[in-house]
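*Asks:* First the structure, which I've put down as structure tokens, then a few questions once you've had a look.
The values are calculated or read from the model by the stated rules, or taken from the named source; none is laboratory data. Everything quoted here is computed from the prediction, not taken from an experiment. Here the Cβ is made from the backbone with ideal geometry for all residues, glycine too, and neighbour counts use every protein chain on show.
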Amino acid sequence: MSGTGGPRDRESIDPDAPETAPVPGEEPTSGVGSVSAAESTEPAAPELVYTLGSSRRIKLREAESELRALWEEASREAAQVGQEGVLRLREINLVAYAAGEAVAERVSQVIARLAQRHPARAIILLDVGLDAPGVGATDAWVSAACYLTPQGERHVCWEQVTIPAWGRAADLLHTTALPVLVPHLPTVLWWPGQPDLRGEVFRRLGDVTDLLVVDSAGFTNPLKGLGDLAALVRVPSRNYHINDLNWGRLTLWREMVAEIFDDPARLDGLRRVRRLRVAYGAEERSGDSTRTAGPAAARALLVAGWLATRLGWRADIAGWETEGSTFKTLLSGPDPTTGSVELLLEPRVLSAGATGGLVSVEMQFGDPVDPVSLFVGRLGESCMCEARVEGGGEEVTRTLDASPVPEDRLLAEELDYLGADRVYEESLVFAAALAALPGGGGLAGPS
Amino acid sequence: MSSAGFAGNPLRAGMRLRRTPPPATLVILGVTGDLARRKLLPSLYRLYAQGHLPAGSTVMGVARRDWDRDAFRVMVREALKRFLGAPLQELMWEGFADTLHFCSGDLVDPAAYGQLEEALVRVDGERTHTGNRLFYLAMPPSTYPGVIAGLGRHGLAGRRGSGWARIVVEKPFGRDLASAHALNQTLAEWFHEDQVFRIDHYLGKETVQNILVFRLANAIFEPLWNNRYVDHVQITVAEEIGIEQRASYYEEAGAIRDMIQNHALQLLALVAMEPPIIFAAGPVRDEKVKVLMALRPLRGPEVDEAVVRGQYTAGLSHGEAVPGYRDEEGVSPESTRETYVAMRVFIDSWRWAGVPFYLRTGKRLPKRATEIAIQFKRPPLPLFGGEAAAETEANVLAMHIQPDEGITLKFGSKVPGSTVHVHSVNMDFRYGSSFGGVTPDAYERLLLDSLLGDSTLFTRADGVEAAWTFVDAILDRWNDPAAPPPRPYQAGSWGPEEAERMMDADHREWRRL
């Protein structure tokens with residue numbers, strides 16, 4: 001360990017191994033996450049990072065003073081090379097709950113990339129598990145890093161505190177975060193997996209949170225998870241907003257569907273939608289034909305929830321029927337004259353290498369004699385997405401890049417707003433109601 | 001948020017990331033020119049790739065070449081490969097290529113407008129369906145009056161059903177007040193002012209847009225933004241390049257027409273304007289025009305005192321020998337055209353009375369740099385005696401516009417130790433890194449705004465004429481044989497010595513950039 005940082009490639013941020021492991025028998029999570037060029041979300045500068053000092057293991061009670069020491073060290077180094085010190089930027093407290101080392105490592109990488117747009121004091125609460133021997137949450141790892149300008153000056157700098165807890169202390173992780181929150185900054189709680197909404201850690205962290213960000217694509221049980229989240233949305237005493245990275249993944253799809261109806265001539269068709277079919281597939285790229293389509297199921301339900309709540313549909317008619325692998329239900333239209341809407345959800349198993357997630361959204365609307373079909377879907381199994389309207393005497397097509405959006409960019413977009421997204425909340429409640437209809441247990445695909 | 005105009009579409013509710021204009025046909029008049037190939041087509045491709053151009057959007061290229069649609073697509077593809085700055089994605093290109101149409105015609109010939117009208121009607125029936133048309137004049141300025149009148153006479157300037165017609169006019173907007181006024185008259189004959197988008201691409205840059213946000217969204221700055229606290233303002237638009245292949249244009253224009261009349265005065269207006277009653281095109285442009293109208297006119301010999309013009313001689317640029325202006329290809333050996341201008345101007349308003357605004361621009365300066373620097377007054381009392389008093393510098397708020405966009409605040413801080421030493425430190429905010437990733441190109445932003453009908457970042461007829469009124473008086477003096485000629489400065493230097501002396505006389509100095 002040199003004790004001093006230096007300009008390095010993104011792939012080599014903080015390569016120094018900690019002196020001792022944070023948990024018995026395991027390698028510790030590093031301080032600042034590595035950012036590989038291949039994963040990078042943005043092509044623009046800055047290209048380099050500069051790790052301030054070394055990632056160090058400390059006593060949790062010393063976190064503030066140790067971070068201060070890192071910054072002072074960095075300022076001295078900057079002065080030695082004729083720079084004017086470093087700018088310590090903290091826009092938010094970002095508290096991330098990581099269930100296990102692998103998640104913590106991934107979270108750490110996302111935070112490093114996120115810092116370009118939302119520099120934060122990041123606090124990673126690493127839940128090693130109740131089963132780990134002993135009890136402990138007294139130690140932490142602190143680190144800080146800067147992005148470098150093209151001229152080599154240290155610019156946006158961020159800091160990270162990783163707090164591992166094991167044994168019974170894992171149940172009290174929330175108490176470890178409180179002393180290291182920066183006062184008077186908004187606090188965002190990012191929960192990458194499926195939160196236990198009744199758990200003590202979640203509930204207590206909620207007390208100090210302004211925005212909860214989950215990712216329903218990472219839920220182990222997406223149907224139950226959507227239901228739990230919808231129940232949380234309805235809690236009137238909740239003092240934080242809720243957002244879902246999976247909702248962010250739908251932005252482009254929503255845009256492509258919405259813009260078709262920007263044409264006033266088609267707008268009336270929205271009152272006369274007869275059928276909505278949403279096809280979705282497995283997320284993972286592998287040759288395993290038994291993969292679950294669960295992560296994409298949440299997205300498909302949210303799309304249906306979005307259209308239903310925007311167009312005034314109601315899920316008060318029936319449960320799900322199945323036709324082959326397709327789930328079908330009827331929704332009430334916006335008024336008695338428009339009839340019902342047939343909703344079809346179709347989980348698919350995709351071939352290896354295919355881009356997962358939503359496969360297509362199809363709507364049939366307008367005149368029953370000469371209906372108009374809207375198809376928004378992937379071109380083959382590529383990342384490109386096509387919108388196509390046929391019927392009613394017209395044909396319109398357009399293509400957009402629907403490549404998977406990296407996690408840091410999804411998170412950054414939520415942090416851009418930091419507020420309530422009522423359209424999401426309403427869509428979620430409807431999606432959860434759809435998931436709870438009788439016969440929908442297989443929507444998440446074969447497990 | 002999505003654009004206004006889709007209020008009836010319930011699916012637009014809560015859509016927070018995109019600004020999407022309605023489908024329109026963007027007609028690029030002069031599509032084979034440099035501007036179209038380098039800027040407009042790459043910007044349109046990026047807008048398309050980012051989903052800002054909705055289904056039905058069409059790009060109609062117009063030029064004299066006897067091309068068909070396929071030949072036009074080949075030209076566009078070549079332009080994108082060269083100027084996009086990123087690889088073309090084949091599937092994306094195929095989608096974009098589908099929007100591309102071409103109309104061959106010489107716009108000097110009245111028959112060309114009839115052909116254009118036919119092509120627009122056809123493409124509107126096939127694709128666009130809205131009747132919306134945006135004409136972009138990417139042609140030599142000398143052709144503007146004829147083309148504008150041609151569009152007007154053939155009914156292309158009017159509404160078609162619910163569809164709109166707009167026109168984007170590139171700079172230079174006239175070469176003096178008379179020609180600018182005449183051009184405005186020609187435009188007014190056929191287009192309403194709200195159909196006209198006079199483009200100044202500086203106004204599309206993020207930092208320029210941020211000037212107003214920075215001033216008016218932060219309560220701590222606006223109280224200081226006046227003659228009580230501001231000592232002076234410096235606006236620099238420096239270029240390291242020479243005149244490149246544009247000798248004929250530059251011999252006509254010079255630095256004052258090329259940079260001061262438009263970019264520099266627009267920046268000055270944004271810095272000095274009063275807060276608008278709301279942030280909308282009309283009120284923002286009203287306030288900008290008031291600033292330009294309040295510029296203290298320079299008359300006759302006053303120009304000699306307040307304005308320095310220069311012309312570069314041979315020198316080094318980044319260590320490479322470069323010729324002097326008069327030795328450039330296409331430039332007269334006796335040319336007196338200025339390649340550098342520095343000036344001291346005053347705004348006769350309650351807020352800015354007595355505060356000098358220093359503007360400078362030039363070619364073959366040491367580096368490319370555009371910035372606005374607000375230099376605040378020094379503390380009223382040298383509280384920290386001895387060396388510290390001498391070390392205390394004025395606070396400076398610098399807004400960098402290019403090459404890197406960002407904002408720097410310089411303030412004094414005690415150097416740690418037992419003695420009192422004050423050193424200035426910069427608090428530095430850069431767009432590229434502070435908000436992550438790529439800031440949109442200025443042309444992308446302005447093209448999108450013009451398609452959306454948002455003219456906030458475009459100049460209005462009265463604004464253009466107010467700027468020319470101020471500049472015309474300087475040009476009049478320079479036409480007087482009694483006026484001092486352009487002062488020589490070596491290529492690679494920061495301009496003629498007279499510009500330094502002007503600042504020395506005011507007990508100030510140019511910022512070292």
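*Asks:* Is it the case that some residue within segment A:171-182 is modelled with pLDDT of 75 or more, part of a loop (DSSP other than H, G, I, E, B) and away from chain B (no Cβ under 14 Å)?
*Replies:* There is at least one residue in segment A:171-182 that is modelled with pLDDT of 75 or more, part of a loop (DSSP other than H, G, I, E, B) and away from chain B (no Cβ under 14 Å).
*Asks:* Look through B:Tyr144, B:Tyr113, B:Tyr136 and report the one residue that is of a type in the set (Phe, Trp, Tyr), more than 23 Å from B:Gly161 (Cβ to Cβ) and away from chain A (no Cβ under 12 Å). Talk me through it step by step, then tell me what you get.
*Replies:* Numbers: B:Tyr113 fails: more than 23 Å from B:Gly161 (Cβ to Cβ); B:Tyr136 fails: more than 23 Å from B:Gly161 (Cβ to Cβ).
So the residue among B:Tyr144, B:Tyr113, B:Tyr136 that is of a type in the set (Phe, Trp, Tyr), more than 23 Å from B:Gly161 (Cβ to Cβ) and away from chain A (no Cβ under 12 Å) is B:Tyr144.
*Asks:* Could you please let me know if B:Pro54 is surrounded by fewer than 19 Cβ atoms within 10 Å (Cβ to Cβ) and either within 14 Å of another protein chain (Cβ to nearest Cβ) or touching a helix residue (DSSP H, G or I) at 6+ places or on another chain (Cβ under 7 Å) (or both)?
*Replies:* No.
*Asks:* If you take the residues of segment B:349-387 that are among the hydrophobic types (A, V, I, L, M, F, W, C) and within 24 Å of B:His421 (Cβ to Cβ), which of them is surrounded by the fewest Cβ atoms within 10 Å (Cβ to Cβ)? Please lay out each step first, then the result.
*Replies:* The initial filter retains those residues of segment B:349-387 that are among the hydrophobic types (A, V, I, L, M, F, W, C), namely B:350, B:352-353, B:355, B:357, B:359, B:365, B:369, B:372-374, B:376, B:381, B:383-384.
Within this subset, residues satisfying the condition of being within 24 Å of B:His421 (Cβ to Cβ) are B:376, B:381, B:383-384.
Working: B:Phe376: 16, B:Leu381: 7, B:Leu383: 10, B:Phe384: 17.
Restricting to residues being among the hydrophobic types (A, V, I, L, M, F, W, C) and within 24 Å of B:His421 (Cβ to Cβ), the top hit is B:Leu381.
Each row is one residue, and each column tells you yes or no for (1) assigned to a loop (DSSP other than H, G, I, E, B); (2) under 19 Å from A:Leu307 (Cα atoms); (3) within 14 Å of chain B (Cβ to nearest Cβ); (4) of a type in the set (A, V, I, L, M, F, W, C).
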| residue | (1), (2), (3), (4) |
| --- | --- |
| A:Thr220 | yes, no, no, no |
| A:Lys224 | no, no, no, no |
| A:Gly227 | no, yes, no, no |
| A:Ala230 | no, yes, no, yes |
| A:Asn239 | yes, no, no, no |
| A:Trp247 | no, yes, yes, yes |
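*Asks:* Has segment B:18-25 got any residue that is exposed (fewer than 15 other Cβ atoms within 10 Å of the Cβ), touching an Asp or Glu at 6+ places or on another chain (Cβ under 9 Å), of a type outside the set (A, V, I, L, M) and more than 14 Å from chain A (Cβ to nearest Cβ)?
*Replies:* Within segment B:18-25, not a single residue is exposed (fewer than 15 other Cβ atoms within 10 Å of the Cβ), touching an Asp or Glu at 6+ places or on another chain (Cβ under 9 Å), of a type outside the set (A, V, I, L, M) and more than 14 Å from chain A (Cβ to nearest Cβ).
*Asks:* Please enumerate the residues belonging to segment A:383-431 that are more than 10 Å from every other protein chain (Cβ to nearest Cβ), over 18 Å from the mean Cα position of the chain (by Cα) and of a type in the set (Asp, Glu).
*Replies:* Within segment A:383-431, A:Glu390 is the sole residue that qualifies.
*Asks:* Those residues that are away from chain B (no Cβ under 14 Å) and aliphatic (A, V, I, L, M), I need them from segment A:93-119; list them, please.
*Replies:* A:Leu94, A:Val95, A:Ala96, A:Ala98, A:Ala99, A:Ala102, A:Val103, A:Ala104, A:Val107
*Asks:* If I filter segment B:160-213 down to residues being part of a helix (DSSP H, G or I) and of a type in the set (Phe, Trp, Tyr), which single residue comes out as modelled with the highest pLDDT?
*Replies:* B:Trp190
*Asks:* Hey, another quick one. Between a first residue in segment B:81-97 that is more than 10 Å from chain A (Cβ to nearest Cβ) and a second residue that is among the hydrophobic types (A, V, I, L, M, F, W, C), which pairs have beta carbons less than 7 Å apart while being 6 or more apart in sequence or on different chains?
*Replies:* That search, which allows pairs on different chains as well, returns B:Lys81/B:Leu88; B:Leu88/B:Leu80.
*Asks:* Every residue in segment A:376-405 that is part of a loop (DSSP other than H, G, I, E, B), at pLDDT below 75, in contact with a strand residue (DSSP E or B) (Cβ under 8 Å, 6 or more places away or on another chain) and under 21 Å from B:Pro23 (Cβ atoms), please.
*Replies:* A:Gly392
*Asks:* So in segment B:173-196, with the set limited to residues that are in contact with a strand residue (DSSP E or B) (Cβ under 7 Å, 6 or more places away or on another chain) and among the aromatic types (Phe, Trp, Tyr), which one is farthest from B:Arg285 (Cα to Cα)?
*Replies:* B:Phe191
*Asks:* Given the options B:Phe411, B:Phe346, name the one that is surrounded by fewer than 21 Cβ atoms within 10 Å (Cβ to Cβ), in a strand (DSSP E or B) and at pLDDT 95 or above.
*Replies:* B:Phe346
*Asks:* With respect to B:Leu88, determine if the residue is under 30 Å from the mean Cα position of the chain (by Cα), surrounded by fewer than 22 Cβ atoms within 10 Å (Cβ to Cβ), within 21 Å of B:Ser450 (Cβ to Cβ) and not charged (D, E, K, R).
*Replies:* In short, no.
*Asks:* Anything in segment A:313-333 that is within 21 Å of A:Gly269 (Cα to Cα), surrounded by 16 or more Cβ atoms within 10 Å (Cβ to Cβ) and of a type outside the set (Ser, Thr, Tyr)? List them, or say none.
*Replies:* Within segment A:313-333, A:Trp313, A:Ala315, A:Leu330, A:Leu331, A:Gly333 meet the criteria.
*Asks:* So, one more: Given the conditions (1) modelled with pLDDT of 75 or more; (2) within 14 Å of another protein chain (Cβ to nearest Cβ); (3) surrounded by fewer than 21 Cβ atoms within 10 Å (Cβ to Cβ), and given that A:Ile58 satisfies all but one, which numbered condition is not satisfied?
*Replies:* Going through the list (1) modelled with pLDDT of 75 or more; (2) within 14 Å of another protein chain (Cβ to nearest Cβ); (3) surrounded by fewer than 21 Cβ atoms within 10 Å (Cβ to Cβ), A:Ile58 breaks only (2).
A quick yes/no check of all residues on (1) in a helix (DSSP H, G or I); (2) modelled with pLDDT of 90 or more:
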{"site": "B:Met60", "(1), (2)": "no, yes"}
{"site": "B:Gly85", "(1), (2)": "no, no"}
{"site": "B:Met92", "(1), (2)": "yes, no"}
{"site": "B:Asp98", "(1), (2)": "yes, yes"}
{"site": "B:Asp106", "(1), (2)": "no, yes"}
{"site": "B:Gly114", "(1), (2)": "yes, yes"}
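*Asks:* Okay, next question. Scan B:Arg46, B:Arg73, B:Arg65 and give me the residue that is in a helix (DSSP H, G or I), more than 14 Å from every other protein chain (Cβ to nearest Cβ) and not β-branched (Val, Ile, Thr).
*Replies:* Testing whether each residue is in a helix (DSSP H, G or I), more than 14 Å from every other protein chain (Cβ to nearest Cβ) and not β-branched (Val, Ile, Thr) leaves just B:Arg73.
*Asks:* From the list A:Ser216, A:Ser237, exactly one residue is small (Gly, Ala, Ser) and surrounded by fewer than 21 Cβ atoms within 10 Å (Cβ to Cβ). Which is it?
*Replies:* Testing whether each residue is small (Gly, Ala, Ser) and surrounded by fewer than 21 Cβ atoms within 10 Å (Cβ to Cβ) leaves just A:Ser237.
*Asks:* Of everything in segment B:128-145 that's in a loop (DSSP other than H, G, I, E, B) and over 20 Å from the mean Cα position of the chain (by Cα), which residue is surrounded by the most Cβ atoms within 10 Å (Cβ to Cβ)?
*Replies:* B:Asn132
*Asks:* Let me ask another. All but one of (1) in contact (Cβ under 8 Å) with a residue 24 or more places away in the chain; (2) within 19 Å of B:Val289 (Cα to Cα) hold for B:Ser335; state the number of the condition that does not hold.
*Replies:* With respect to (1) in contact (Cβ under 8 Å) with a residue 24 or more places away in the chain; (2) within 19 Å of B:Val289 (Cα to Cα), B:Ser335 is out only on (2).
*Asks:* Scan segment A:327-338 for residues that are β-branched (Val, Ile, Thr) and without any contact (Cβ under 8 Å) to a residue 40 or more places away in the chain and jot them down.
*Replies:* Within segment A:327-338, A:Thr337 is the sole residue that qualifies.
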